[in-house]
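To start, the structure itself, in structure tokens.
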Amino acid sequence: MTPTSGNQFSPRTFLPLALATAFGAGYAPIAPGTWGSAVGLLIWLVLPVSAWTQAAVIVFIVVAGSWSGGVAERHFGKTDPGQVVIDEVAGMLITLFLNPVGWAGAAGGFLLFRVADIFKPFPVRRFERLPGGAGIMADDVMAGIYANLGLRLFIWLSGHLALWSFTLLGQMPR
């Protein structure tokens, strides 16, 4: 894959590159994926609690990311360029989707997603083999699903462990 016209921005590439890089977060010199995840966290913060709205935003970002990721691959001349972080935005939103958390839980979800995205538990890495923007998005969507389930498990365990500790101590909360 060769870069297009010396990596110059053009009116045709401006919008897809802005989307793919999460409006510039992907150009961060250190840990651009973490910055992309932070953008996802900020979007989650301003979204209404409505499941339909959150689902619609996730679908939009996955579709837009598949398109813009493909454009970015051609622009940068390589597969899954580091500047493309819209996949982390989607993965972060999927991590927090329908999880009843506040800031502490969102921070835990952030950490869970970064771990799943970096270590890519089976079969996450296989999704990277999909062509173009679909491959860019799919592995982070799957990592987001794993992190979502991990966050749900943590929430469930923390509630049950608290209840068990009160039972063991003979003190039930009132």
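The values are calculated or read from the model by the stated rules, or taken from the named source; none is laboratory data. Because the structure is predicted, anything quoted here is derived from the model rather than measured. No Cβ is skipped: glycine too gets one built from the backbone with ideal geometry, and neighbour counts run over all protein chains shown.
Listed values, structure above:
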read-out	value
Matching entry among VAL84, VAL59, VAL63, VAL71 (being crowded, with 19+ Cβ neighbours inside 10 Å, more than 10 Å from the chain's Cα centre (by Cα), β-branched (Val, Ile, Thr) and part of a helix (DSSP H, G or I))	VAL71
Qualifying position, being of a type in the set (Ser, Thr, Tyr), buried (at least 19 other Cβ atoms within 10 Å of the Cβ), more than 14 Å from the chain's Cα centre (by Cα) and part of a helix (DSSP H, G or I), among THR53, THR13	THR13
Count of residues meeting criterion [under 10 Å from the mean Cα position of the chain (by Cα) and within 17 Å of ALA18 (Cα to Cα)] in the range 35-50	5
Qualifying positions in the range 119-137 - part of a helix (DSSP H, G or I) and either free of Cβ contacts under 8 Å to residues at least 24 places away in the same chain or farther than 24 Å from ALA72 by Cβ (or both)	PHE119, VAL124, ARG125, ARG126, PHE127
Every residue from the range 90-126 that is within 21 Å of GLY69 (Cα to Cα), of a type in the set (A, V, I, L, M, F, W, C) and at pLDDT 90 or above	ALA90, MET92, LEU93, ILE94, PHE113, ALA116, ILE118
Whichever residue in the range 87-101 is at negative phi and not in a helix (DSSP H, G or I) and, among such residues, is surrounded by the fewest Cβ atoms within 10 Å (Cβ to Cβ)	PRO100
ALA107 vs. criteria among the aliphatic types (A, V, I, L, M), surrounded by fewer than 24 Cβ atoms within 10 Å (Cβ to Cβ), within 15 Å of GLY36 (Cα to Cα) and in contact with a helix residue (DSSP H, G or I) (Cβ under 9 Å, 6 or more places away or on another chain)	yes
Filter result for LEU93 (without any contact (Cβ under 8 Å) to a residue 60 or more places away in the chain and more than 19 Å from TRP35 (Cα to Cα))	no
Count of residues meeting criterion [part of a loop (DSSP other than H, G, I, E, B) and not hydrophobic (A, V, I, L, M, F, W, C)] in the range 23-50	4
